[in-house]
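Everything on this sheet refers to the single structure shown next.
The values are calculated or read from the model by the stated rules, or taken from the named source; none is laboratory data. Note that the coordinates shown come from a computational prediction; the quantities given were computed from them, not determined experimentally. Cβ placement follows ideal geometry from the backbone for every residue including glycine, while neighbour counts extend to all protein chains displayed. With ligands, DNA and RNA removed, areas are computed over all heavy atoms of the protein, side chains included. Shrake-Rupley method; radii C 1.70, N 1.55, O 1.52, S 1.80 Å.
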Amino acid sequence: MSLSVNLASRLSEVSVKVKATLSALIPETMGPEQSLVNAMRYAVLGDGKFLRPLLVLESGGLFDVDGSRLLRVAAAIEVVHCYSLVHDDLPCMDDDDLRRGQPTVHKKFDEATAVLAGDALLSLAFEILSDAQTHFDPNVRIQLVSLLARIAGAKGMVGGQMMDMSGFQLGNDIAAISRMQRLKTGGLFGFAVESGAILGKASEKLHHNLNSFAHDFGLAFQIADDILDVVGNVETLGKAVGKDQSHGKATFVSVMGLEGAKAHLSYLCSQAKEHLHVFGARADILKALVDSVESRTI
Ligand code: GRG
C-alpha cells in the first residue's frame, strides 16, 4: 500500500520548507570550522522523512500557530534527531556505514568530525528555541527549552540509548522494552506534538489528548521499525537490516513474534487515532501518518 496522496504531498512540502530553514540556520562557511559545518549540513539536509517536523507543524496547525514559529521548532527537533542518528551510527555505538542510503557522517568525514557535528547540532537546537524569533513570550521559550532538555538527556533519549547499549537485561518484559523505547525514541515524538500545543497555549484536556496520541504513536513507530528490521530490505530502507536479531536485542518482534507485534501495532494505531478524534478533520494528516506507520509504508 502506498502513502496517501495528501500525506505524501504534505511531507514533501514540509521537507522543502524545513530544509530551507535548516540551510539558513547552518549557513555554509569558508572559515576554519568549514568541515564541521559541512558535516552538520550533510547530517541534516539528506533524504530524511521529516516526520518529527511534520508532527510539529500539524500539531501547531491545530491551534493556528504562526507557521514561521513552527518551522523554527521543527528545525530544532530535526537537528536533535539528526544528532542522535550521527552519534548512534558511530563505531562505538551501532557502527553503521549507511544512513538514508548514503555514507554515515563518520564515513563521509571522520569520527572526530562526526562527534563534534553531533555536539554542535544539539547545542544549535537550544540556540534556536531560546531565540525570541521562536516566540515573543519568554515563558513559552523556557517551556520549550526545558522540555527538550528533559527528553534529550539522561532521563530521556541518552538514558534510553545507554540502556540499549549496555546490554541492560530487558528479558522478555514488554513493559521494560516499551519504557526503554519510550525514552530512546518516543520522547522526541512527544516533544514534537507537545511543542505545537505549548506554542498554541492549548487547554489541559487537549494537551492530554495530544500526549496520549504521541505516546501511542511513538511506540507504534518503534514496533513498525522492529518489524521492518525483520521483513524490510536495505534498498528500500537505506540502512542495514537484521541488526537487532544479529545483536540478540530484545525487540517487540523477538518477544511477541511477528504476528503478535503486528497485532500490537494495529491496536496502538487505532488508539492513537482515537485520541485525535476530538480535533475532527483538522487532524486528518496526523491520522494518515498513523495509517502509514501501521502499513509500514513510511
Ligand atoms: C546517540 C544520544 C544518542 C541517541 C541515540 C534515537 C537514537 C538514540 C538512535 C537512533 C537509532 C534508531 C535506529 C532508532 C530507532 C528509531 C528510528 C527508526 C529512528 C529513525 O527515524 P526516522 O525513520 O529517520 O524518522 P529519518 O532518516 O527518516 O529521519
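Assorted remarks:
- Selection from the range 44-62 of residues that are more than 12 Å from the ligand (Cβ to nearest atom) and assigned to a loop (DSSP other than H, G, I, E, B): 62
- Selection status of residue 71, surrounded by 13 or more Cβ atoms within 10 Å (Cβ to Cβ), in contact (Cβ under 8 Å) with a residue 40 or more places away in the chain and either touching a Pro at 6+ places or on another chain (Cβ under 9 Å) or assigned to a loop (DSSP other than H, G, I, E, B) (or both): yes
- Counting residues in the range 91-108 that are within 10 Å of the ligand (Cβ to nearest atom), surrounded by 20 or more Cβ atoms within 10 Å (Cβ to Cβ) and over 26 Å from residue 143 (Cβ atoms) gives one or more.
- Contact annotation: no residue pair with Cβ atoms under 7 Å, 6 or more positions apart or on different chains, pairs a residue in the range 77-91 that is more than 19 Å from residue 165 (Cα to Cα) and free of Cβ contacts under 8 Å to residues at least 60 places away in the same chain with a partner that is within 8 Å of the ligand (Cβ to nearest atom) and of a type in the set (D, E, K, R).
- Scanning the range 108-123 for residues that are in contact (Cβ under 8 Å) with a residue 12 or more places away in the chain and within 16 Å of residue 153 (Cβ to Cβ) returns 118, 119, 121, 122.
- Residue, nearest to the chain's Cα centre (by Cα), within the range 204-248, restricted to residues that are hydroxyl-bearing (Ser, Thr, Tyr) and either open to solvent by 70 Å² or more (accessible area, probe 1.4 Å) or modelled with pLDDT under 70 (or both): 236
Here is a yes/no grid of residues against (1) modelled with pLDDT under 95; (2) open to solvent by 10 Å² or more (accessible area, probe 1.4 Å):
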| residue | (1), (2) |
| --- | --- |
| 31 | yes, yes |
| 42 | no, yes |
| 56 | no, no |
| 81 | no, yes |
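- Residue list for the range 139-167, restricted to those being open to solvent by 70 Å² or more (accessible area, probe 1.4 Å) and either more than 14 Å from the ligand (Cβ to nearest atom) or of a type in the set (D, E, K, R) (or both): 139, 142, 143, 150, 155
- Listed by first and then second residue, the pairs with beta-carbon distance under 8 Å, at least 6 apart or on different chains, first residue in the range 168-192 and within 27 Å of residue 146 (Cα to Cα) and hydroxyl-bearing (Ser, Thr, Tyr), second at pLDDT 85 or above and open to solvent by less than 40 Å² (accessible area, probe 1.4 Å), are 178/219; 185/157; 185/160; 185/218; 185/221; 185/222.
- Test: residue in the range 33-40 that is under 18 Å from the mean Cα position of the chain (by Cα) and either among the aromatic types (Phe, Trp, Tyr) or open to solvent by less than 50 Å² (accessible area, probe 1.4 Å) (or both): yes
- In the range 123-138, the residues that are surrounded by fewer than 20 Cβ atoms within 10 Å (Cβ to Cβ) and over 20 Å from residue 196 (Cβ atoms): 123, 127
- Under the condition of being within 14 Å of the ligand (Cβ to nearest atom) and among the acidic types (Asp, Glu), the residues counted in the range 174-196 number 0.
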